[in-house]
Amino acid sequence: MNIDLFATTIALLTFFGISAIMALSLNLEYGVAGIPNFGQALFVSIGAYTAGWTYTRLLPLLAGEAVIDPCGSTLGQALQLRSTIMKTMPTVGLTNFVITLLIAALIGGLVGYLASYPALRLKQEWYLGLVLLVGSEIVRIVVRGYEPIICGNNGLSAIAQPFHWLRDSTLSSLLFAGLVLTVAGLVYLYCERLVRSPYGRLLKAVRENDAVATSLGKDVARIRGQIMFIGSALAGVAGVFFVVNSGYASANDYVVALTLDVWVMIVLGGLGNNRGALLGALLITILDRLTAITAIRMNMLGFQWEFNYVRYILFGVILLLMLRYRPQGLLPEPTQTTRAHEMLGAEGVAK
Amino acid sequence: MLELQNVSKHFGNLRAVDGVSLRVPQGQIIGLIGPNGSGKSTLLSLMAGTVQPSGGKILFDGHDITRQTADQIFQRGLVRSFQDPSLFFRMTALDNALLPVNAQRGERPTHAPWHHLWRQQEQTLASRAGGVLDQVQLGKQTNTLAANLSGGQMKLLELGRSLMGAPKLLLLDEPTAGVAPALAYTIFEQIEHLRATQGITFLIIEHRLEILFDFVDSLYVMHLGKVIAQGKPDAIAANAQVREVYFGE
């Protein structure tokens, strides 16, 4: 089997961009604000489910067509319709995609805020971690068994990327990779600006000691709710790119393993450091792709065992080694992060 | 300025604070002493709103703050420090000092990414924080992580951080605990200076009576959750009951 190096690189960059958004989102929540979100897969899946809804309901309406049930006996007809619209009506396709991103961010943010708020008020943020871990699985199982969202266990295909109308599939993939990387870059800049602002200082204070932050006049529950809104909105955006990249929405993609992958990225890269989140996302994406390609090659060569699962062993080993030998990650959190230090200038002596 | 009327706190059968009434007049430095376990720190927590009282009333600046939350009480200008340095250890001295300031524009998530919306205020606050850190002798440590400061410097940073919250009344829980004697005196001189120059009122728990007695206007003595004596340092030092429970004489 020959590997198309160009196509592989584009695929790798696209996966990296999506992983980077997920990692930056979790880094903001846990690395900076100390909220252990073990339900990252839930918020990513919200993006996927939103795309499933907009591609089957909103897209036909934007194109001036009637909505067709995407799951029952009209499955093929509905699939044909959305595929045709994406191929022949670029403005409609792009508009639908942008609206999908906005709705996914809003719903993701709201679910993050609502899910977190009661648990955060218990003053034990680890309860929230457990609530989200369990909630993530419950939602996945419900979606898998409830047809109207993404056709239950069958899932939804033909969730095409917004440059599908270009006849050249290499060019459309390249543009999509460019779009994903641009959004990931903007998310990085946004997170970096947050961390370097007084709001970033506030988030770190809540992470360091919530009781003292409260005694200094800060409304900790509100701050945690806000950051869960922001982080979950970003995860929802990543979910849209994730599903559009694969072209297929299935509840089975949003298992706990996805959440753990993102955790490995931020622990490996360095908690509290946005550049660390990017580095972790890059390294894990490369490992992920390498194991996937190796698995395919081994299958082609007739090996009987599934090499794909080696990635789980690898990620587990990485997590354990990092926690044991370098808990601060490859790129530790910088000492001075807020702009106030630059503003004060040379009065302080840097250490 | 601060008045406690018959305030109690029970933990099951334990009466940690049992019907305490006291007054802290504006502009004074009041000491609160007593043996370990007498209820002093619990009383401070009740005043600051970090623990809710079982009974009684707490008035601050004419407002009933008995059932208010810690952040609401802080907003009124009643600021506390903790017995063990309660800093944000993985943040610099400067960031620690800047945190208590109310109404920071850049603390709003909608403003935070656009630094032109808060740059000017942050610049002003950073200069003010630099001045306060200078004042508490930490001018050279602004960029040092709080975790890397000495015990005495941590106490000074906690004092500086409290000052950045624009307090009217500062509740200090053992401000010189674990601090070398020379620095302990410096801390109290800073307190006296702040009272004189900024009119801040202080209520201070302290075990180093030899220093405390030199600076306070008057003292309350607690034992087993109750106030057993109140008066000027000389009178307290001569009080037989105080000498019995506190000095074991």
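Numbers at a glance
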| read-out | value |
| --- | --- |
| Residue list for segment B:82-101, restricted to those being at the interface with chain A (Cβ under 9 Å from one of its Cβ atoms), part of a loop (DSSP other than H, G, I, E, B) and either more than 19 Å from A:D219 (Cβ to Cβ) or of a type in the set (A, V, I, L, M, F, W, C) (or both) | B:F82, B:L87, B:F88, B:F89, B:R90, B:M91, B:L99, B:V101 |
| Single condition B:H207 does not satisfy, out of (1) touching a helix residue (DSSP H, G or I) at 6+ places or on another chain (Cβ under 7 Å); (2) assigned to a loop (DSSP other than H, G, I, E, B) | (1) |
| Enumeration of residues in segment B:156-197 that are among the small types (G, A, S) and outside any helix (DSSP H, G or I) | B:G165, B:A166, B:A177, B:G178, B:A180 |
| Looking only at segment B:109-168, and only at residues there that are of a type in the set (S, T, Y) and free of Cβ contacts under 8 Å to residues at least 12 places away in the same chain, the one that is farthest from the other protein chains (Cβ to nearest Cβ) | B:S150 |
| Unique residue being more than 14 Å from every other protein chain (Cβ to nearest Cβ), touching a Pro at 6+ places or on another chain (Cβ under 8 Å) and in a helix (DSSP H, G or I) when the list is A:L179, A:L175 | A:L179 |
| Meets criteria (in contact with a strand residue (DSSP E or B) (Cβ under 7 Å, 6 or more places away or on another chain), of a type in the set (A, V, I, L, M) and at pLDDT below 90) for A:I150 | yes |
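Condition check ((1) closer than 18 Å to A:F38 by Cβ; (2) of a type in the set (D, E); (3) away from chain B (no Cβ under 14 Å)) across all residues:
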site	(1), (2), (3)
A:N209	no, no, no
A:R224	yes, no, no
A:I227	yes, no, no
A:S232	yes, no, no
A:A238	yes, no, yes
A:G247	no, no, yes
A:A257	yes, no, yes
A:G270	no, no, no
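The values are calculated or read from the model by the stated rules, or taken from the named source; none is laboratory data. Here the structure is a predicted model, which is why all the values come from computation and not from measurement. Cβ atoms come from the backbone with ideal geometry, glycine included; neighbour counts cover every protein chain shown.
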